[in-house]
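Quick notes on the structure that follows.
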Amino acid sequence: MPLILKTWSRRRKARRCSAISCLKTSGLRLVDSARQQNFAFNEAISFLVNCETQQDVDRYLESLSAVPAAEQCGWLKDKYGLSWQIIPKQLGRFLGHSDRKRALAALNAMLKMKKIVIADIEKAFEHG
């Protein structure tokens with residue numbers, strides 16, 4: 001969960017205030033402005049969650065996903081429209097393997113998935 005470090009307001013002009021929130025989570029600092037913005041979130045920015053186990057993948061997907069139609073290859077959208085990548089740490093080993101035939105088999109299996117299932121990717125890799 002994010003830890004709020006500071007929240008403050010600064011008077012920029014006599015009749016205007018600007019509120020800024022600073023968050024720190026997992027060593028990452030985020031800054032948010034309370035001012036009205038004229039843009040929406042899109043896939044150009046996403047949060048990446050490296051998972052240790054299939055249970056972690058399942059837990060993050062179940063707790064964050066609000067748009068099931070947007071789920072693809074470990075990607076999801078939350079209730080705010082933010083994109084997340086829920087990725088098992090083992091994926092890099094399969095996709096980056098020197099045996100390109102096995103790596104491609106793992107990639108092809110992953111591309112068919114909404115939620116990444118480690119056992120299914122490993123099975124494709126082993127039979128690649």
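The values are calculated or read from the model by the stated rules, or taken from the named source; none is laboratory data. These numbers were taken from a predicted model, which means no experiment stands behind them. Here the Cβ positions follow ideal geometry from the backbone for every residue, glycine too, while neighbour counts run over all protein chains shown.
Worth a mention:
- Matching residues, segment 86-100, being touching a helix residue (DSSP H, G or I) at 6+ places or on another chain (Cβ under 6 Å), closer than 20 Å to Arg59 by Cβ and not in a strand (DSSP E or B): Gln90
- Scanning segment 40-80 for residues that are closer than 22 Å to Lys112 by Cβ and among the β-branched types (Val, Ile, Thr), we see that the one that is modelled with the lowest pLDDT is Val67.
- Verdict on Ile86 being out of contact with any Cys (no Cβ under 6 Å at 6 or more places or on another chain), surrounded by 16 or more Cβ atoms within 10 Å (Cβ to Cβ) and not assigned by TED's automatic domain parsing to the domain that holds Leu28: yes
- Within segment 60-82, residues that are at positive phi sit with their Cβ atoms under 6 Å from residues that are part of a loop (DSSP other than H, G, I, E, B), at 6+ positions apart or across chains, in these pairs: Gly74/Ile116; Gly81/Phe41.
- Residue in segment 105-117 that is assigned to a helix (DSSP H, G or I), surrounded by fewer than 17 Cβ atoms within 10 Å (Cβ to Cβ) and either in contact (Cβ under 8 Å) with a residue 12 or more places away in the chain or in contact with a Cys (Cβ under 7 Å, 6 or more places away or on another chain) (or both) present: yes
Every residue, every condition in (1) over 30 Å from Lys123 (Cβ atoms); (2) out of contact with any helix residue (DSSP H, G or I) (no Cβ under 6 Å at 6 or more places or on another chain), yes or no:
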site: Val31; (1), (2): yes, yes
site: Arg35; (1), (2): yes, yes
site: Phe39; (1), (2): yes, yes
site: Ala44; (1), (2): yes, yes
site: Leu64; (1), (2): no, yes
site: Trp84; (1), (2): no, no
site: Arg102; (1), (2): no, no
site: Ala109; (1), (2): no, no
